[in-house]
Amino acid sequence: MFDSLSDRLGGVFDRLRGRGALTEADVRGAMREVRIALLEADVALPVARDFVEKVTEQAVGQNVLRSVTPGQQVVKIVNDALVEMLGADESELNLGVTPPAVVMMVGLQGSGKTTTTAKIAKRLSGGAGGRDRKKVLMASLDVNRPNAQEQLAVLGEQTEVATLPIVAGQQPVDIARRAIQAAKLQGYDVLMLDTAGRLHVDQALMDEMKAVADIAKPQEILLVVDSLTGQDAVNVATSFSEQVPLTGVVLTRMDGDARGGAALSMRAVTGKPIKFAGTGEKLDALEGFHPSRIAGRILG
Ligand code: GDP
């Protein structure tokens, strides 16, 4: 991940650092190359454009070019802008409400939504090697895909997290109601709702999500996106964030060879932080998202 972007930027910065003095034209030339490198990494066009404009303005506007180490300073400006683009702060889940806190997972089919639901539940519950000690209940509202509810039940067993018993034929909104009632009655701290995915964004999916959100009133609505889908991931995030009040994003398959564009664009297009990164198929392959660490990896 980020390897080719990192190589490209490394080349640009080596050339900048290699010179004692820098002119405005040098900076503008370098920033043109940065823009191309970002676009080749699948960063969304408006995001790449804004990034380059902002960095250029800072680099030529202040006393950077007259400083002793202008190249170094420009690289620092790029680093800070990258961290800001990635979301600056590390974001935790916001579960500080009267229990049960509801976390609703949304996304396309195959994005890794069900796996991620179980990963987060495991992390919160402390079950099977997880970290915290919350009492977590998971429920699948996916009545479209055969065996989706059973898949979550199996993951529940693996992670030692409770799942809502399956009632055949029940519809998503009714399952959500039953899940909330069960979570309240049985004293759960967190209820995780795994909603149905679709192959593409469509209105029926959005309407179903809205109906569930209306009755479940989630504290968190996390969009799960596959980082390997690059520019498509950005389009999916844009569509979802226009329709439901997302609170954060989880990027999956960060262990793959994604070029990084999804990670870099997500904050700008959704306005919401990336809260977790999926880094493998195993149920503990979930990491908090650390913008400064990622910026460091990109800049080498
Ligand atoms: P859903 O249709 O969105 O619920 O997707 P699933 O949770 O069923 O995941 C689809 C496939 O992606 C499964 O084989 C998962 O093991 C795999 N998967 C999910 N997250 C990750 C990840 O972060 N890295 C890798 N390598 N595979 C993942």
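Result for the chain in a Gaussian network model with C-alpha springs under 10 Å: among Met104, Met266, Met31, the largest mean-square fluctuation is at Met31.
Note on region 197-275: Cα-only Rg and Dmax are 12.4, 39 Å.
Sorted by mean Cβ packing within 10 Å, highest first, what order do the peptides 147-156, 34-43 take? Write down the numbers at each step before the final one.
Details: 147-156: 18.3, 34-43: 20.9.
Ranked by mean Cβ neighbours within 10 Å, highest first: 34-43, 147-156.
Which of Ala196, Leu185, Met206 sits closest to the plus end of the dipole of region 184-261, meaning its Cα is farthest towards the positive end, when Lys and Arg get +1 and Asp and Glu get -1 on the C-beta? Going by the charge dipole, the pick is Leu185.
Using 0.36 nm per residue, how much length does the chain from Glu287 to Ile215 gain when fully extended, once their Cα-Cα distance is taken away? Contour length minus Cα-Cα distance gives 22.9 nm. Figure legend: label point modelled 7 angstrom from the Cα of Gln231 along Cα→Cβ; residues of region 261-277 with amide N under 20 Å from it are 261-270.
Taking every DSSP beta bridge that has both residues in the chain, what percent is antiparallel when rounded to the nearest 5? Don't skip to the answer; put the middle values down first.
Working: 3 of 28 bridges.
Expressed as a percentage, antiparallel bridges in the chain total about 10.
Legend: distances between Cα atoms for Lys122/Lys272; Lys54/Lys210; Lys113/Lys134; pairs beyond 26 Å are Lys54/Lys210.
Between His200 and Arg32, the modelled label-to-label distance comes to 3.8 nm, taking each label 7 Å out from Cα in the direction of the beta carbon.
Taken about its Cα centre, region 199-266 carries a charge dipole of roughly 160 debye when the Cβ of each Lys and Arg holds +1 and the Cβ of each Asp and Glu holds -1.
Phi angles across region 251-264 convert, under the Karplus curve 6.51 cos²θ - 1.76 cosθ + 1.60 with θ = phi - 60°, into 3J(HN,Hα) values of 9, 9, 6, 6, 7, x, 9, 4, 7, x, x, 4, 4, 6 Hz, Gly and Pro given as x.
Note the per residue figure in Å³ for the convex hull of the C-alpha positions in region 81-213.
Values: hull volume 17.3 nm³, N = 133.
Per residue, the Cα convex hull of region 81-213 comes to 130 Å³.
Amide H contacts under 5 Å for Gly107: Val224, restricted to partners 5 or more places along the chain or on a different chain, H placed in the peptide plane at 1.01 Å from N.
Quick one, what does Rg over Rh come out to for region 18-172 if you take C-alpha atoms and the Kirkwood Rh? It would help to have the intermediate numbers written out before the result.
Values: Rg = 24.0 Å, Rh = 19.7 Å.
Here the Rg-to-Rh quotient is 1.22.
In this calculation the C-beta distance from Val68 to Asp3 is compared with R0 = 35 Å, giving a FRET efficiency of 0.65.
Quick one: pull the percent of accessible area on the chain belonging to carbon and sulfur, 1.4 Å probe, ligands and nucleic acids left out.
Values: 6360 of 13480 Å².
C and S fraction of accessible area: 47 percent.
Under 19 Å of direct C-alpha separation, and excluding same-chain neighbours fewer than eight residues apart, Lys76 reaches these aspartates and glutamates: Asp7, Asp14, Glu24, Asp26, Glu33, Asp50, Glu53, Glu57, Glu84, Asp89.
Taking the average, over residues, of other Cβ atoms within 10 Å as the packing measure, peptides 64-71, 18-25 rank 64-71, 18-25 from highest down.
Near the amide H of Met192, within less than 5 Å, lie the amide hydrogens of Val103, Leu137, Met138, Ala139, all on another chain or at least 5 residues away, with H placed in the peptide plane.
Give the ranking of Thr247, Thr117 by solvent-accessible surface, highest area first, calculated with a 1.4 Å probe. Could the numbers behind the result be given before it?
Details: Thr247 40, Thr117 0 Å².
Heavy-atom accessible area, descending, gives Thr247, Thr117.
The mean accessible area for residues of region 18-145, using a 1.4 Å probe and ignoring ligands and nucleic acids, is 46 Å² per residue.
With one equal scatterer per alpha carbon and no solvent term, the Debye-computed log10 I(q)/I(0) for the chain at 0.07, 0.12, 0.16 1/Å reads -0.31, -0.76, -1.15. For Ile274, the residues 5 or more places off, or on other chains, whose built amide H falls under 5 Å of its own are Val249.
Among 106-115, 231-240, sorting by the average number of other beta carbon atoms lying within 10 angstrom of each residue, highest first, gives 106-115, 231-240. Averaging the sequence gap over all C-alpha pairs within less than 8 Å and six or more residues apart, then dividing by the number of residues, gives the chain a relative contact order of 25 percent. Among Leu246, Leu86, Leu16, the residue with the largest mean-square fluctuation in a Gaussian network model of the chain, with springs joining Cα atoms closer than 10 Å, is Leu16.
Calculated [222 nm] ellipticity per residue, helices only, for the chain: -16500 deg cm²/dmol; basis is -39500 (n - 2.57) per DSSP H run with n ≥ 4, divided by all residues, nearest 500.
The values are calculated or read from the model by the stated rules, or taken from the named source; none is laboratory data. Source: prediction; values computed, not measured. Every residue, glycine as well, gets a Cβ built from its backbone with ideal geometry; the counts of neighbours run over all protein chains shown. Accessible surface areas use protein heavy atoms only, side chains included; no ligands, DNA or RNA. Shrake-Rupley method; radii C 1.70, N 1.55, O 1.52, S 1.80 Å.
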